[in-house]
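To start, the structure itself, in structure tokens.
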Amino acid sequence: MLPEKRQKQELSTQQKTFIDFLFGEAQGNPKKAGELAGYSEHSYPKVIKSLNEASLFVDVSPSFFEPFSL
């Protein structure tokens, strides 16, 4: 049996901005990237979760974000 294909999810402008900051000015710090992208201070875990559900970070180990957890 083949795995189900996920339908490609379109990212919002704010999510795209978050990603730009995450791999740019925030240097991998999701909390800082979230704040720079206009998200509230403690909402970045929800942003990461939504991007994971969009399969954007499918190859990123969860341990990558551990130093930035609350």
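The values are calculated or read from the model by the stated rules, or taken from the named source; none is laboratory data. Source: prediction; values computed, not measured. Here the Cβ positions follow ideal geometry from the backbone for every residue, glycine too, while neighbour counts run over all protein chains shown.
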So, in the stretch 9-27, of the ones that are part of a loop (DSSP other than H, G, I, E, B) and touching a residue at least 24 places away in the same chain (Cβ under 8 Å), which residue ends up surrounded by the fewest Cβ atoms within 10 Å (Cβ to Cβ)? GLN9
So ALA37 ticks every box in (1) aliphatic (A, V, I, L, M); (2) in contact with a Phe, Trp or Tyr (Cβ under 6 Å, 6 or more places away or on another chain); (3) modelled with pLDDT under 90 but one. Which box is left unticked? (3)
I'm trying to understand the selection: among the residues of the stretch 28-41, which are hydroxyl-bearing (Ser, Thr, Tyr) and crowded, with 18+ Cβ neighbours inside 10 Å? TYR39
